[in-house]
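Values quoted throughout were computed directly from the atomic coordinates according to the rules given, and no laboratory measurement underlies them. Since we're looking at a predicted model, the values are computed, not measured. Cβ placement follows ideal geometry from the backbone for every residue including glycine, while neighbour counts extend to all protein chains displayed.
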Amino acid sequence: MEAEVTVRDAISAPDASGQPRRVTRRFPLFTRDTARPEGGGRAAPGDAPAPARQWPILAVLGLVAIGLLLTALDFFRVGCLLVGVALLVGGVMRWVLPDVGMLAVRSRFTDIATYGLLGAAIVLMAMMVQPNPWLQIPFLKDTLHFTVSSG
């Protein structure tokens with residue numbers, strides 16, 4: 001049988017020893033500390049300069065910046081593809097590398113799923129951009145006609 005966990009309610013009035021009086025089984029309302037995500041440690045030794053310690057996120061952000069610049073310079077499809085590929089690269093780094101610094105936001109699974117799904121969606125949409133799409137999905141045109149038809 002498991003022992004019951006009790007937490008002293010931090011907002012109740014203190015007793016003579018200075019401890020909060022009221023005891024509750026709920027977790028405290030405010031978190032005092034947050035655990036770093038798994039893999040959220042430095043990507044380089046602590047004595048390395050700050051940019052070297054955070055190279056994974058800098059690599060992803062650099063690719064995204066280049067992609068946005070290309071998009072602004074009227075290379076829309078290539079720029080969007082690069083943004084999507086940057087997210088996919090971030091997902092692969094999150095999967096392969098043990099420590100990725102600030103690239104780790106949530107759990108490893110959540111980060112990989114988020115980076116992967118968003119990156120794949122952006123790449124697919126960039127390949128379907130009109131005119132002259134590189135990728136055509138046949139049922140999408142029928143779905144659009146079905147939802148927009150006035151009949």
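Ranked highest first by average number of other Cβ atoms within 10 Å, how do 118-127, 67-76 line up? Don't skip to the end; give the middle numbers.
Details: 118-127: 16.7, 67-76: 14.0.
Result, highest mean first: 118-127, 67-76.
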| note | For the pair Ala72 and Val129, the simple spin-label estimate (label points 7 Å beyond Cα toward Cβ) gives in nm 1.5
